[in-house]
Amino acid sequence: MIKYLIKTLTLGVKNLYTNPRVIFILILVLFFPVYLLYSTQYFLSIGSDNLDTVQKARVGVIHDAFHVAIKSTENIDTIQTLLNKVSAENVDIVRFRVAELHDNEFTIVAALDTNLIGTKVVETDLFRSSYINPGVPFIYEITRNGIEHWQIVTTVTDNKGVNVFVFTEHSFEYFQNVFYNRYITAYLLLGITYIFLFGLAFILIRDIDYRVKFFKTAKTLEERDRFANVIAHELRAPLTAMRGYASLIVESPEATEVSKKHALHIADSSERMINLVSDFLEVARLQSGTFQVDIESVDISNLITSIVTELSPLAKEKKLELRNTIPPKINIFSDPSRLKQVFTNILSNAIKYTKEGHIELVLKDHNTSIEVRVKDTGSGISATDQQKMFTPFFRVQKTGQEKIVGTGLGMWITKSLIEKLGGSIGIESIVDVGTNVVISLPKNAK
């Protein structure tokens, strides 16, 4: 049991270390609710105490007012009128009496219930208690049916030397109801605050869970990309060797025609595998974020012309005409190696998928960008396939193109490279008419 507790605590401390937000959640869930409950109870208690203080001051003012009236007038009707008025203005007064002491008996001379005028006070203990501190209200607290009541008596001597006693009884039902409603409202708001805090804590916990999953996924992807890079590099070496040995067999005078034929197949397959591995490496760099561009001044006209010259033999093999409508000497700031990769791929595709006719390269110089169009008279691409052209591993499947090999990654890589250079690429094509590949590049790539 102890080992389990130690293991649990160790795991908890580790989670707190790796996820500092958990500490904030603990504070949010544990500290704030306790603090809010304590502060609510504290302020309600202060409010209750303040209410008692205010009530005592108020009833003291009422009794003081009667003391002044009793000393300033001998007319009992004036006292009764004042009593009725004060009772009407203070709804908490349920009993109000003024009594005089004669021959050790208390006779009521004014009362809220006028039927009591002239009668004797039966319960005299409360009246006699006011002798202790004449002029100071004596408060006796009682509870009736769950409602707090105060019975208050004060003593004053009138102008004739007669001891006069002012007695009031106050019911705090109204104030208790008001304060009870305040309690309910306060705790209701506190409950809503608790729900909000727990909801916020739930969202934060879920966010932490997502954060952990994110870092876990990011680590997995990083390991996957590293593995893909290692595998791709390891594959290139033996494939290059296979291609080299196949070339040696083809060139060897001792090899038979059958051997040379098989060696050519090996060389072609090796070449395809090397291209596939190269594409995978490029994809891994693009997806892992390790891809970099080196910006420098590039003569785009000269670069495209050199690519056209380099690929001319492929076009001549298929009896295709390569038209180069490129203005001389247009400089832009970009990555020359990536631009060469882009235009080589697009021009190679145009040659590959065009059976007869011509291929034309057109360059237009705009204010802050250039536009390059690669036009061919090939089989064209349908509207449905155009939407998929730049997705990984997609290849246009048409009758007569079964022998054309490829990975389906070339156009996706091309689009990614162009976007890395701040440009864009689009397709304009009509089936059985031809295709225009439109590339827009900024003159100053960032």
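The values are calculated or read from the model by the stated rules, or taken from the named source; none is laboratory data. Keep in mind the model is a prediction, meaning the values are calculated, not measured. Methodologically, a virtual Cβ is constructed for each residue, glycine included, from the backbone with ideal geometry; neighbour enumeration extends over all protein chains shown.
Quick notes on this structure:
- Of the residues making up the range 413-439, those that are assigned to a helix (DSSP H, G or I), out of contact with any Leu (no Cβ under 9 Å at 6 or more places or on another chain) and touching a residue at least 12 places away in the same chain (Cβ under 8 Å) number 2.
- Set I76, I139: member being among the β-branched types (V, I, T) and within 25 Å of F175 (Cβ to Cβ): I139
- The residue pairs whose first member lies in the range 160-182 and is more than 19 Å from Y140 (Cβ to Cβ), whose second member is surrounded by fewer than 17 Cβ atoms within 10 Å (Cβ to Cβ) and of a type in the set (A, V, I, L, M), and whose beta carbons are closer than 7 Å, counting only pairs six or more residues apart or on different chains, are Y174/V91; F179/L51.
Here's the yes/no breakdown for (1) out of contact with any Ser or Thr (no Cβ under 6 Å at 6 or more places or on another chain); (2) farther than 27 Å from T73 by Cβ:
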| position | (1), (2) |
| --- | --- |
| E89 | yes, no |
| D92 | no, no |
| E100 | no, no |
| V122 | yes, yes |
| L126 | yes, no |
| V136 | yes, no |
| D158 | yes, no |
| T185 | yes, yes |
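- Taking the criterion of being touching a Leu at 6+ places or on another chain (Cβ under 9 Å) and over 20 Å from G410 (Cβ atoms), the only residue of the range 256-276 that qualifies is A263.
- Against the test of being within 16 Å of Q80 (Cα to Cα) and not small (G, A, S), the options V121, V98 yield a single qualifying residue, V98.
- Of the set (1) closer than 25 Å to Q292 by Cβ; (2) at pLDDT 90 or above; (3) not basic (K, R), all apply to N436 but (1).
- Residue tally, condition closer than 26 Å to N159 by Cα and either of a type in the set (A, V, I, L, M, F, W, C) or crowded, with 17+ Cβ neighbours inside 10 Å (or both), over the range 88-121: 15
- Figure legend. Inter-residue proximity from the range 122-143: first residues free of Cβ contacts under 8 Å to residues at least 60 places away in the same chain and closer than 22 Å to D52 by Cα, second residues in a strand (DSSP E or B) and basic (K, R), beta-carbon distance below 6 Å, spacing 6+ or different chains. No pairs are indicated.
- Inter-residue pairs, beta-carbon under 8 Å, first more than 24 Å from K364 (Cα to Cα) and in the range 300-317, second part of a helix (DSSP H, G or I), 6+ apart: L314/S348; L314/I351
- Residues (within 19 Å of V61 (Cα to Cα) and assigned to a loop (DSSP other than H, G, I, E, B)) located in the range 143-179: D158, F172
- Test result for I147, without any contact (Cβ under 8 Å) to a residue 24 or more places away in the chain and either surrounded by fewer than 16 Cβ atoms within 10 Å (Cβ to Cβ) or more than 30 Å from N50 (Cα to Cα) (or both): no
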